[in-house]
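Shown next, in structure tokens, is the structure this report addresses.
Just so you know, all these numbers are worked out from the coordinates, no wet-lab data involved. Owing to the predicted nature of the structure, the values given are computational and were not obtained by experimental measurement. Ideal geometry is used to build each Cβ from the backbone, glycine not excepted, and the neighbour counts take in all protein chains shown.
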Amino acid sequence: MKIVAIGAGAWGRNVIRNLEDLGVLAGIVESNNERLNAYAEEHPDLSLFADWRAALASECDAVAIATPTASHYEIASAALEAGKDVFVEKPLTPTSAEARELVDIADRRQRILMVGHLLMYQPAIAWMKAYVEAGHLGQLFSIRHERLNLGRARSAENVIWDIGVHDMAVMLYLTGTAPDRVRATGHRMLGLAVEDEVHVHLEFAKGVRGNLHTSWLWPETTRRTILRGSAGMLVYDEIAQTVTLHRRWIDDQLQNHDEGSEIVHRGDGQPLALELSHFVDRLADREAPRSSGRSAIAVIETLERINQAVEQSSRYPA
């Protein structure tokens, strides 16, 4: 199995390291000469390219794309047409129309197209999904994601497209469906042309509600997922890598019940390694990835609906 990593920036370096650990890294594409020369000294056995088009002409089996979002469609479509399987970092594309086109190309060329929705590969997420589907939480009422910190602000995409995309992918994975209704508000505290904080409220089938709060400007770092049901609540702390079951609920007589809480699952903390290992496995068995291109369409469509809701509800000074 030969995989070429396209992009060796801040996140691309992590992708490269993990592909190397898996023993499948065959080459690196990087337009920055200084970075490329550094890799040439560290890895004299690798194929190095200054342009991704040259990499697609090589004998690699697949590519892993970690470049700016605006370039994803051009590179991924060319790679699929060249007969390569493709892993591309989130979000798949800036628009759902481009995402659908990529899925169509992958289907026509019978290629694997997988998206880097990292949070879906935290073992805690799969554990919670199985727990809810087994009925242990009773009727599922709501899912809440909080992704807050003093983060690296961007000017090209708002906070929901930057960091909230992880949580949106998980919310659709846990519910198994797209939302029926989307409401959202945003705030531009940093004077940018994009929102640095967004509150999202979603309505799903069977009465399930979804809430998402993302911010680049927050005094504390919080990354957690809260599931509330008729028989208890689950809290996944992404930083501590723990899932806590709170045996607390209110019955149909409005009586409170509290049977305490306990940590019921401890996560792995290395989702990128698990994610790329999943990609390699799918290259071998040709099965659809958990975070397939098709599933990414629903994520991007929901993000677009959130953007529309933010625009309709927010009023910014001229």
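Got a sec? How would LYS90, LYS2 order by Cβ neighbour count within 10 Å, fewest to most?
LYS2, LYS90
In nanometres, what is the gap between the two model label sites at ASP251 and ALA70, each 7 Å from Cα along Cα-to-Cβ?
Roughly 6.0 nm, to one decimal.
Counting other beta carbons within 10 Å of each Cβ, put ILE65, ILE263, ILE226 in order, fewest first.
Placing the least packed residue first, the sequence is ILE263, ILE226, ILE65.
Roughly how many debye, to the nearest 20, is the charge dipole of segment 3-111 about its Cα centre, given +1 on each Lys and Arg Cβ, -1 on each Asp and Glu Cβ, and no other charges?
Approximately 260 debye in magnitude.
Can you give me the C-alpha center-to-center distance between segment 92-171 and segment 202-238, rounded to a whole angstrom?
14
Give me the percent of DSSP beta bridges within the chain that run antiparallel, rounded to the nearest 5.
Approximately 60 percent, going by the DSSP bridge assignments.
Considering the options ASN149, LEU92, THR214, tell which one lies farthest towards the positive end of the dipole of the chain, charges being +1 on Lys and Arg and -1 on Asp and Glu at the Cβ, about the Cα centre.
It is THR214, whose Cα lies furthest towards the positive end.
Under a plain spin-label model, where a point goes 7 Å from the Cα along Cα-to-Cβ, how far apart in nm are THR185 and GLU20?
In this crude label model, THR185 to GLU20 measures out at 4.8 nm.
Which lysines, on any chain, are close to LYS90 with Cα under 24 Å apart, when same-chain ones fewer than 8 places away are left out?
LYS2, LYS129
Give the order of ASP107, ASP252, ASP180 when sorted by the count of other beta carbons within 10 angstrom, beginning with the fewest.
Neighbour counts put them in this order, fewest first: ASP252, ASP180, ASP107.
Tell me which DSSP H helices of the chain clear both cut-offs, 18 Å or more of axial length from alpha-carbon atoms and a mean Kyte-Doolittle hydropathy of at least -0.5.
Span-like helices here: 271-285, 293-313.
Run the dipole for the chain about the Cα centre, Lys and Arg Cβ at +1, Asp and Glu Cβ at -1, nothing else charged, and hand back the magnitude in debye, nearest 20.
Computed charge dipole of the chain: roughly 640 debye.
Compare HIS213, HIS136, HIS72 in a GNM of the chain, Cα atoms joined below 10 Å, and give the one with the largest fluctuation.
Result: HIS136 has the largest fluctuation of those listed.
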